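As structure tokens, the structure follows; a few thoughts come after it.
The values are calculated or read from the model by the stated rules, or taken from the named source; none is laboratory data. Model, not experiment: these values are computed from the prediction. Don't worry about glycine lacking a Cβ; one is built from the backbone with ideal geometry, like all the others, and counts go over all protein chains shown. What goes into the accessible areas is simple: the full protein's heavy atoms, side chains included, and nothing from ligands, DNA or RNA. Shrake-Rupley method; radii C 1.70, N 1.55, O 1.52, S 1.80 Å.
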Amino acid sequence: VAEHYNGRVPQYYHCTLNSKRYYGFGKLGIQGLNKKLRNLLMQGYNQYDLNASAVSILCSVAQGLYPTLQRYASQTKAFRLDICNRWTKHGLDVDTVKQAITATLFGWNINNQKYSKTQIPQALVYCLVHDEDFNMLVSEFEKLKNELFPITKKKEQQKQASAFYQNLETRIMSFIRNSTYDPSDCLMVHDCIYTRDVIDIDDVRNEIDYIY
């Protein structure tokens with residue numbers, strides 16, 4: 001295939017109406033591959049991951065103070081590891097913490113099958129719901145949504161929040177893509193983008209400030 005397309009594998013996307021996110025489709029789609037295989041194929045590319053971008057974007061446009069959310073946005077891996085370390089003797093691991101936080105912030109139950117097919121054992125769910133940082137994160141996120149999207153039902157509020165930050169994520173990724181020497185030589189994967197070029201992060205930050 002790559003030989004037929006001058007050394008490249010063409011990627012096709014469709015854009016959702018609400019969030020404007022790009023989803024790959026077709027038999028040649030790299031986006032839907034297993035993460036390890038995708039990273040193997042994308043060796044030589046630079047990956048820019050908008051890690052915890054949902055929280056960061058929403059906090060940036062809010063007036064209230066949300067210290068736990070802001071700490072999570074700025075130190076995502078350390079935040080997850082801190083929770084994990086407090087419950088290591090119970091078998092809690094970082095991947096489980098990540099799964100639980102992401103599912104919860106998307107408005108789903110910790111074990112919602114829409115987010116992950118892997119069920120979290122009840123013993124680990126117990127650890128999470130009794131962790132102070134986890135509970136503060138969930139509580140502050142609810143307050144944040146109430147501030148930004150008042151006078152709406154909880155379910156609709158979550159939809160508005162998701163559409164809002166996913167739309168901005170897509171705009172940031174499009175900026176990164178268009179900043180490269182060859183925008184066609186990129187791969188978009190939901191909230192991250194692979195590029196051949198090294199991107200100036202300061203330029204991205206300036207664009208984010210402009211968007212906000």
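Results, tabulated for the structure shown:
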{"read-out": "Point-to-point label distance, Ile30-Asn18, nm (Cα→Cβ direction, 7 Å offset)", "value": "3.0 nm"}
{"read-out": "Segment Ile151-Gln63, extension gain: residue separation times 0.36 nm, minus the distance between their alpha carbons", "value": "30.0 nm"}
{"read-out": "Choice from Leu92, Leu40, Leu50 with maximal GNM fluctuation in the chain (Cα, 10 Å cutoff)", "value": "Leu40"}
{"read-out": "Per residue Cα convex hull volume in Å³ - calculated over the chain", "value": "141 Å³"}
{"read-out": "Members of Lys36/Lys98; Lys89/Lys145; Lys89/Lys153; Lys27/Lys155 lying beyond 28 Å, as alpha-carbon distances in this model show", "value": "Lys89/Lys145; Lys89/Lys153; Lys27/Lys155"}
{"read-out": "Surface accessible to a 1.4 Å probe, Arg80 within the full protein complex, Å²", "value": "20 Å²"}
{"read-out": "Cut-off 15 Å (backbone N to label point 7 Å along Cα→Cβ of Ser179), residues of segment 33-56", "value": "46-51"}
{"read-out": "FRET efficiency for Lys77 and Gln160, using Cβ-Cβ distance with R0 set to 22 Å, rounded to 0.05", "value": "0.20"}
{"read-out": "Rounded if a/c under 1.5, otherwise prolate or oblate - segment 47-94, Cα gyration tensor axes", "value": "oblate"}
{"read-out": "Helical contribution to [θ] at 222 nm, DSSP H n ≥ 4, -39,500 (n - 2.57), averaged over the chain, rounded to 500", "value": "-16000 deg cm²/dmol"}
{"read-out": "³J(HN,Hα) computed for each position of segment 83-88 - Karplus, 6.51 cos²θ - 1.76 cosθ + 1.60, integer Hz, glycine/proline x", "value": "5, 4, 5, 5, 10, 4"}
{"read-out": "Distance between modelled label sites at Cys192 and Val129, nm, 7 Å Cα→Cβ extension", "value": "3.1 nm"}
{"read-out": "Accessible carbon and sulfur surface of segment 63-178 relative to its total accessible area, %, 1.4 Å", "value": "55 percent"}
{"read-out": "Computed magnitude of the charge dipole of the chain (debye, nearest 20; Cβ of K, R +1, Cβ of D, E -1)", "value": "820 debye"}
{"read-out": "Net length gained if the chain between Asp93 and Asn46 were fully extended (0.36 nm per residue, minus Cα distance)", "value": "14.2 nm"}
{"read-out": "Protection proxy ranking, peptides 24-30, 129-135, average beta carbon neighbours within 10 Å, highest first", "value": "129-135, 24-30"}
